[in-house]
Amino acid sequence: MTLQGLGRLLKQHLIWFILFPCLAAGAVYYFMRNETRIYETKATLYTGFTSGYSLRSAQEGFQADYAAVSNAFDNILTTLNSNQTLYHVGVNLLSQHLQLTKPTEKQLSAASFQELQRAIPASLRQSLVRAGDPEYTRMRIDSLAQSQTDNPIRKLILESDSDYSPEHISKKLKANRRNGSDMLDLEYEAEDPAVAQQTLTLAITELNQRYTSLKSGETNPVVKYYDEKAKQAKKLLDNAESKLRAFNVQHNVLNFEDELKTRSVTREALVTEYNDEVMRNRAAKAAMDALSQRMTQGGVCSR
């Protein structure tokens, strides 16, 4: 086919070349107009488990304990995905959202805000919020969530499709270790971009607190052991010093070091006092000599 024939064909069917793409685009928009949008947020955590670098690494050389590294990553992932961690994430997220009086782009969209308003009656919301005291809200939510009686807060926490449910958060939260690196990649997806970002931030914060608490718990018995040993040694030392002082007093034993210091101070004081007296004596003698000379000169002049 020549270029001229192709041009004539395009002119004859130009309307269809324009109409078909428009119809396809319109159909896609029509059938997908009500489809839920999913937003995803990501974060990367540096753990330091793999490198394990310290100030003495250069002298001692680096030898990675891959079993220990793998175990450390397993521990941190288990801590992150535990029901208790995710429960606290949901409670803290709900506590932050109940503080809002209107939807905001960075905290809660209008649709999510309205849904939360319908889920929790106004009277209950007012009883949960205390101005300037978010900790009070968090404690009240925690108490209602663990209550044995049904209530809107407990229902939100236990519902599998609620943004505040540990089960829902567990499904949407993904954590993977980068191969052979210290990095831990975290992802979370939600229908509300603000909820996605806040949930991942709270998950990282809760993970940091819980993992730090667990590691501190491992070292506390060791620290306590050495503290007890130090206290015992201090007690023995104090008893020995008390016995030594009592023995010195009972047998009139001199403390040569203190005695030498006392004698040294006394000698310096006596030397200073002696020098002062010598200076005063010389000053008085000089004054008498000057006065005698003046008297002698006065007697000669009177003659």
Fill in the blank from the handout: Taking the range 174-204 and keeping only residues that are among the aliphatic types (A, V, I, L, M) and either open to solvent by less than 10 Å² (accessible area, probe 1.4 Å) or assigned to a strand (DSSP E or B) (or both), one is left with Ala175, Met183, Leu184, Leu186, Ala190, Ala194, Val195, Ala196, Leu200, Ala203
Fill in the blank from the handout: Flagged in the range 84-99 as open to solvent by less than 30 Å² (accessible area, probe 1.4 Å) and either in a loop (DSSP other than H, G, I, E, B) or without any contact (Cβ under 8 Å) to a residue 24 or more places away in the chain (or both), in numbering order, are His97
Practice task
Would you tally the residues in the range 135-154 being under 21 Å from Ala196 (Cα atoms) and open to solvent by 50 Å² or more (accessible area, probe 1.4 Å)?
Solution key: 1
Practice task
Determine which single condition Ser162 fails, assuming it passes every other condition in (1) under 23 Å from Leu108 (Cβ atoms); (2) in contact with an Asp or Glu (Cβ under 9 Å, 6 or more places away or on another chain); (3) small (Gly, Ala, Ser).
Solution key: (2)
Exercise for the section: Please verify whether the range 109-117 includes one or more residues that are open to solvent by less than 40 Å² (accessible area, probe 1.4 Å), assigned to a helix (DSSP H, G or I), at pLDDT 90 or above and farther than 29 Å from Ala43 by Cβ. Expected result: no
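The values are calculated or read from the model by the stated rules, or taken from the named source; none is laboratory data. Worth saying up front: this structure is predicted, and the values here are computed from it rather than measured. Glycine gets a Cβ as well: all are built from the backbone with ideal geometry, and neighbour counts include every protein chain shown. These accessible areas exclude ligands, DNA and RNA; they are computed on the full protein's heavy atoms, side chains included. Shrake-Rupley method; radii C 1.70, N 1.55, O 1.52, S 1.80 Å.
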